[in-house]
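The values are calculated or read from the model by the stated rules, or taken from the named source; none is laboratory data. Every value quoted in this text rests on a predicted model; they were computed, and no experiment measured them. Ideal geometry is used to build each Cβ from the backbone, glycine not excepted, and the neighbour counts take in all protein chains shown. The accessibility values were calculated without ligands, DNA or RNA, using every heavy atom of the protein model including side chains. Shrake-Rupley method; radii C 1.70, N 1.55, O 1.52, S 1.80 Å.
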Amino acid sequence: MHEWALAEAIIATAKQIAQKEKLKEVTEVTIKVGELQQVEHSILRFAISELKSEIFKNAKFRILKAKTTLKCRVCGNTWQFKKEKLDRDTAEAIHFVPEAAHTFIKCPNCGSPDFEIVVGRGVWLETLKGVK
Amino acid sequence: MVDPRVSVINERLSRISRIVAVSSGKGGVGKSMVATTLALTLAKKGCRVGLFDLDFTSPSTHIILGAEKIQPKEEKGIIPPTVHGLEYMSLIYFVGDQPAPLRGADVSNALIELLAVTQWGSLDFLVIDMPPGIGDAVLDLVRLVKRIEFLIVTTPSLLAFETVKKQVELLCELKMPIIGVVENMKMTKAKGIEAATEKLGLRFLGEVAFDEGVEDAIGDVEKLLATAIGKKIQLIVDSVVLAEKREPRCLVER
Ligand SMILES: Nc1ncnc2c1ncn2[C@@H]1O[C@H](COP(=O)(O)OP(=O)(O)O)[C@@H](O)[C@H]1O
Ligand SMILES: [Mg+2]
Ligand SMILES: [Zn+2]
């Protein structure tokens, strides 16, 4: 359940931002989850609800899916990551360390593993709203 | 857009007393051998030890340990399996024996990911096997972990030592503690590296002879501990690593 480790990171970061902005209460946190890492939204949501502290008491956590775009550095081809094309072990490896994609995924046009994960790699905090 | 992973790294490492990175400006000087031997030796002394292979594109420590068919457990993060008494972490769990062609930013990302999700227990030591040089891994560790001590490996060759000098200069600039320099694969009685090390103001930890038995010890930890590397590291552990510095002995209760 490595979603718990990520949830902990999200809460810790959101708290740091809230403190920096001198917020008394956080009302909304938007989290983007890239498809590449295949994070289970329901586990992430549950972990966040278990880990959140007082300042997030009334906060709404929005968890949004972000498509993953890959771009080949050799031929310039751009394509979208599709989980369905992977076997279970590969999907799991990429779930833990998205960079494992360079071991298992090749450019569909030229076969190179030298591609860039343009967007949609991991989990990130998009916005945070609150009251001062 | 904020990356949440960085904020938990120090929490993840908070129950580790000392973090030692085995490093060099050059490849092929014996970093992986020294790092693995150091970790095993500390564990034999009763310390709780983790070994983290950070040479993502050319990992070797799993071969030195003879570690096969091991996988981490998933529990609120990733729990490293125990191999010969070491909490052992490597990218090989995820990429197997296939190539992992990673550029600098990918190395950084994978490093941050593993630091953020690995649940080390309470450890006296985390030994890190570094990739060669002063690239992403060194810079990221210094940036994100901060409290690292470096143990530097060189060979008797001027070519190796010149790269070590650059690394030392960088680490001094960054105010990172350096335990000392090991001269590995020694075949003559020349004292040049020892003198040059002391000229840099660093402790010369000793020389390890080139030992033909080392190749045969790959994959067999008892044999490894009986090689010239094993014997010298044991002396260094007793006389330097455990003898001084922040904690004189293993502090964490078993
Ligand atoms: N003292 C030694 N005597 C003989 N061979 C050694 C010794 N130290 C290292 N080696 C060998 O040298 C090679 C490089 O060692 P390694 O630990 O992989 O270096 P690095 O991690 O710095 O690239 C390996 O084949 C290893 O078995
Ligand atoms: Mg190595
Ligand atoms: Zn291509």
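Among the residues here, B:Leu65 qualifies as away from chain A (no Cβ under 14 Å) and open to solvent by less than 20 Å² (accessible area, probe 1.4 Å).
Looking only at residues in the range B:125-135 that are surrounded by fewer than 23 Cβ atoms within 10 Å (Cβ to Cβ) and within 15 Å of the chain's Cα centre (by Cα), the one that is farthest from the other protein chains (Cβ to nearest Cβ) is B:Ile134.
Within the range A:98-117, restricting attention to residues that are surrounded by 15 or more Cβ atoms within 10 Å (Cβ to Cβ) and away from chain B (no Cβ under 11 Å), the residue that is farthest from ligand 1 (Cβ to nearest atom) is A:Cys107.
Of the residues in the range A:79-97, how many are in contact with a strand residue (DSSP E or B) (Cβ under 7 Å, 6 or more places away or on another chain) and either more than 9 Å from every other protein chain (Cβ to nearest Cβ) or open to solvent by less than 10 Å² (accessible area, probe 1.4 Å) (or both)? Looking only at that region, the number is 3.
Of the residues B:Arg12, B:Arg18, the single one that is in contact (Cβ under 8 Å) with a residue 40 or more places away in the chain, within 14 Å of another protein chain (Cβ to nearest Cβ) and either among the basic types (Lys, Arg) or away from ligand 1 (no atom under 16 Å from the Cβ) (or both) is B:Arg12. For B:Asp220, are the conditions met, namely being of a type in the set (D, E, K, R) and in contact (Cβ under 8 Å) with a residue 40 or more places away in the chain? Yes; evaluated as a whole, the condition is true for this residue.
Let's see how each residue does on (1) away from ligand 3 (no atom under 16 Å from the Cβ); (2) closer than 22 Å to A:Thr30 by Cβ; (3) surrounded by 13 or more Cβ atoms within 10 Å (Cβ to Cβ):
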site: A:Glu54; (1), (2), (3): yes, yes, no
site: A:Thr69; (1), (2), (3): no, yes, yes
site: A:Arg73; (1), (2), (3): no, no, yes
site: A:Trp124; (1), (2), (3): yes, yes, yes
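B:Gln71 fulfils the conditions (1) within 14 Å of chain A (Cβ to nearest Cβ); (2) without any contact (Cβ under 8 Å) to a residue 40 or more places away in the chain; (3) touching a helix residue (DSSP H, G or I) at 6+ places or on another chain (Cβ under 7 Å); (4) assigned to a helix (DSSP H, G or I) except for a single criterion, (4). Condition (residue is open to solvent by 60 Å² or more (accessible area, probe 1.4 Å) and within 14 Å of chain A (Cβ to nearest Cβ)) applied to the range B:103-112: is it met by at least one residue? Yes.
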